[in-house]
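Written out below as structure tokens is the structure these notes cover.
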Amino acid sequence: MEGLPEEYDRIVVGPHLGLVKRRKIEELEEELLQKIKTLGEVGLSKLWLTSNCHLWEIAYALRRLKEKGLVKEQI
């Protein structure tokens, strides 16, 4: 990157290579349901760290599952 100090040459400017994989939202919902059944009560961060996708995708899938009445949010 022009004009930036040398230590900035390792900044990721696009998507991470591991997050380029695309899949249907229904597949992600099914994966999350399976993880919740296996792990029981589980936090958003745990679901995100064990999934190969962006945080916003997990949040979106969980919101859809909540709207369908398949999961519930607890604080």
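The values are calculated or read from the model by the stated rules, or taken from the named source; none is laboratory data. The model shown is predicted, which means the values in this text are computed figures rather than measured ones. We place every Cβ from the backbone using ideal geometry, glycine too, and count neighbours over all the protein chains shown.
The one condition from (1) modelled with pLDDT of 80 or more; (2) part of a helix (DSSP H, G or I) that Y8 does not meet is (1). Among residues of region 53-73 that are within 19 Å of T38 (Cβ to Cβ), those with a beta-carbon under 6 Å from a residue that is of a type in the set (D, E) and in a helix (DSSP H, G or I) at least six positions away or on a different chain give the pairs A61/E29; L65/E29.
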